[in-house]
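Encoded as structure tokens, the structure appears first; notes follow it.
The values are calculated or read from the model by the stated rules, or taken from the named source; none is laboratory data. Keep in mind that what you see is a predicted model, and the values were worked out from it rather than measured. Using ideal geometry, Cβ is built from the backbone for each residue, glycine included, and neighbour counts are taken over all protein chains shown. Ligands, DNA and RNA are excluded from the accessible area calculation, which covers all protein heavy atoms including side chains. Shrake-Rupley method; radii C 1.70, N 1.55, O 1.52, S 1.80 Å.
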Amino acid sequence: MIKNYFKSAWRNLSRHKFISFINIFGLTIGLACCLVIVIYIINEVSYDKFNANASRTYRITRTFYNARGVASLHLSAIAPAFGPVLQSAFPEIQKMTRLLSNGTTALHYREKLFNEKNAYFADESFFSIFSVGVVKGDKHTGLNDPYTVMMTEAVAKKYFGGDDPINKTLLLDNTKHGFKVTGIFKPFPSNSHLHPELLMSFNTLRDTAVYGEKQLETSFDNNSFYTYFLLPENYNSEMMNRRLPAFLDKYVHLQGMPANVKTSQSTRLELQKLTDIHLRSHLDSELEENGDITRVYIFSVIAVFILIIACINYMNLSTARSVLRAKEIGVRKAIGAQRQEITRQFLSESVLVTAIALICALLLTWVLLPLLNQVSGLHLEFSTLFRYKIGFGILLVPFVIGLLSGIYPAVFMSSFNPVKVLKGIVHTGADGISFRKLLVVLQFCVSIILLIATAVVFEQLHYIQKKGLGFNKEHVVNMTYTKAITHQFESFRQELLKNPAIHDVGRSSQIPTERLTNSMEASVTENGVPQPIKTSLKFITADFDFIPTYGIEVAAGRNFSRDFPTDTSNFLINETAVQALGWRDARNAIGKDLNYGGLKGKIIGVVKDFHFESLHQTIIPLLFLLPAAHSSFYHNLSIKIDGNQTMSAIATIEQEWHKFLPDVPFDYTFLDEKFQQLYNSEQQQGKLFTLFSCLAIFIACLGLFGLSAFTISRRVKEIGIRKVLGAGISQIVIELSTDFMKLVLAAAAIALPIAGLLMHQWLQNFAFRVGLEWWVFLAAGVLAMVIAFATISVQAVKAAMTNPVKSLRSE
């Protein structure tokens, strides 16, 4: 019986090739989109689950509160002393490991010299928590001794070629510190929240020349150490979270904190699940850019919507063509077929169509996935679909989707009265027509929402690119500053400035695009009495040339100057800091006394507000410190060059760099590239929205094309009579298109407010954002109508131009 059902279904598909093609093609596109999104979602939710103890591993984070008790900073890293003290105070902590990023690390072996950007100091217990295979060496002892290092196979090959790297020595920076290679580990998978390539022994930090044992054991202030704990199976982490405030009050007293203030009132520690980091953690100082659970939800909904649109096509076309199969149904019923048998026949046809579409969708996904990865920057793998549970779910798709999309047409067509249909009397019924119209409205409603979402995302990205930042990001070269050049820096700077293509050279602890996380206790002196400020005042260190290098305007007072040696005890602030400190305006702030982190000085200048961080953040109170002449408290070098002489400027910088720092690799980036990277997530989102909105409206139009073709074919004689009576082609096209255009107009009326609400919510992620312009909504609605009209017109014009004699010949 089942064999006959599928044989009959195949014959029917072959007989009506046009409608069958539209059904299969629409479902193929819809299923391919769903498969891609399924792969994306599986990849996102799988982050860090490759670790054998992922469910038991936690990272500890730290929050700071300002004087008003408001959280001002939430860090993903904590101070070095916390790890061992916590492990001692909480016996349930089975293992602990710490990571310290070493930033850009210059390493050399013989004549080979490279900058490594993923180098970390790691505790010896690192491989007990993170399940990464060790190819050579002992994962339990490889990081025990100071000045030892383990690395990935790729890094080992870069330095040692085909030679065995074990026990060979790499030199760190331009120092004589040699690190002995003790092991090779496999690279971390792409679905990890961190990707270290070099792991240096944490015990190296105990050397006072590197960091100092006392600092490691007593410092609760340097929040640069990523700390992970392994807890017992099924342990309730909230139990520890509730005990952490008491732990802070007992063991930790922060510098500068009044004796009557509890530590837990100014800072908080909190456990965070390892598997939550990628999708649910957007803290300050994250190791890498994380994903977003909201994005997963959005694309899940899009996948469902696109599949619904494809299924709607099938339902619409199946019910519309019911007239063609009315006699077939009547004959079947006349010779004894029961309604449930006819229903099963049509459902088997639906399952067959979906199965064919699924095979085509799998092939399409396999072909297009590499291209999608290239465009979006993702790392999606087709093999994800063949995991046991996923593969089983895919096998069920033809039955689930086939039954869902085919149930209404099957029930509808099996209800035909055999006596009437054999006499040629077929009434599709007002309910059937209304339901088909409702489905068309739903299709275009989804399509218009996606069109508006795409437009708003790209409008916001354009706004980000064009908005004035308060500084000039163009033609600024950024390099990692190295301590080795500190005593020669002025000579280095003068040599660079001899080239007219180089305008300014400045140093700073941070550069624009980075998060501002450093702050210290501050107070202003009013009438000789220090008054603590009730706001968090972030700071960066900057030299005399940082402000001119970036073209930041001074609103009042002056910049740091070499003519004033006492400027190392003075401060610059931004306009937002002026308001936060309670002064009337920028000029009123000049000369005010300020105590910051124990340093007493005066405000000598106020710079105009500028966007140091991304436009996701508001402009915050900011203070600039000028370190002593030979201080090493700089991490970045910024060089302003002439955009018309880029090659000349870069060549000079490289030449002087090698002259002053022959043992440090030359490596640079442009600030505008770093600025672009701030919005990678939104750019990916915009590309994917564009892709899915185009596909959604394409599938909707595909269904509309088939439905209009069928509907118009049923009105051929009517069109012939109209032409005989004098109707022109334009009149006939308008007449045939009007009913469909009303449906698209209704879809627009429903979609516009929904899209407005959704995109308003999305824009809240930006502190600086575009408004929801009325023309965006109008343009999306008009575009959908134009596309729909063009789709329908193809069939309408063809019908209107048909010779009426042929149309009426059978009469």
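In the full protein context, segment 644-753 carries 46 Å² of accessible surface per residue, based on a 1.4 Å probe and ignoring ligands, DNA and RNA. Rolling a 1.4 Å probe over the heavy atoms of the protein chains gives segment 431-503 an accessible area of 42 Å² per residue.
What GluC sites (Glu not before Pro) in segment 98-173 are in a loop by DSSP, with at most 13 other Cβ atoms within 10 Å of the Cβ?
Details: sites: GLU111, GLU116, GLU124, GLU153; in loops: GLU111, GLU124.
Here the GluC sites (Glu not before Pro) that fit, given the DSSP loop and packing criteria, are GLU111.
Cα centroid separation, segment 441-465 to segment 200-270: 46 Å. Each 10 Å bin from zero up to the one holding the largest Cα-Cα distance in segment 548-596 carries the following percent of pairs: 22, 54, 24.
For segment 456-515, carbon and sulfur atoms together expose 50% of the accessible surface, with a 1.4 angstrom probe and every protein chain in place.
Stokes-Einstein diffusion for segment 155-292, with the hydrodynamic radius set to the Kirkwood value over Cα pairs and evaluated at 20 °C in a medium of 1.002 mPa s, equals 113 µm²/s.
In the context of the full set of protein chains, residues of segment 61-144 present 38 Å² of accessible surface per residue (probe radius 1.4 Å, heavy atoms only). Mind jotting down the distance between the C-alpha centroids of segment 566-624 and segment 21-91, whole Å? About 36 Å separates the Cα centre of segment 21-91 from the one of segment 566-624. In segment 31-115, carbon and sulfur make up what percent of the accessible area (probe 1.4 Å)? Of all accessible area on segment 31-115, carbon and sulfur atoms account for 53 percent. Close amide H contacts of ASP292 (hydrogens built in the peptide plane, cut-off under 5 Å, sequence separation of 5 or more or a different chain): none are found. For segment 547-559, backbone phi angles converted through the Karplus equation (6.51, -1.76, 1.60; θ = phi - 60°) give residue-by-residue couplings of 4, x, 4, 9, x, 7, 7, 8, 7, 7, x, 9, 7 Hz, Gly and Pro being listed as x. Here's how it looks for THR267: its modeled amide H is under 5 Å from those of TYR65, which are all 5 or more places away or on a different chain.
Considering only protein heavy atoms and a probe of 1.4 Å, how much of the accessible area of segment 560-600 is carbon and sulfur, as a whole percent?
Carbon and sulfur: 45 percent of the exposed surface of segment 560-600.
Amide H to amide H, with H built 1.01 Å from N, GLU116 comes under 5 Å of THR105, ALA106, LEU107, counting only residues 5 or more places away or on other chains. With K and R counted +1 and D and E -1, the other residues having a Cβ less than 11 Å from that of GLN676 yield a net charge of -1.
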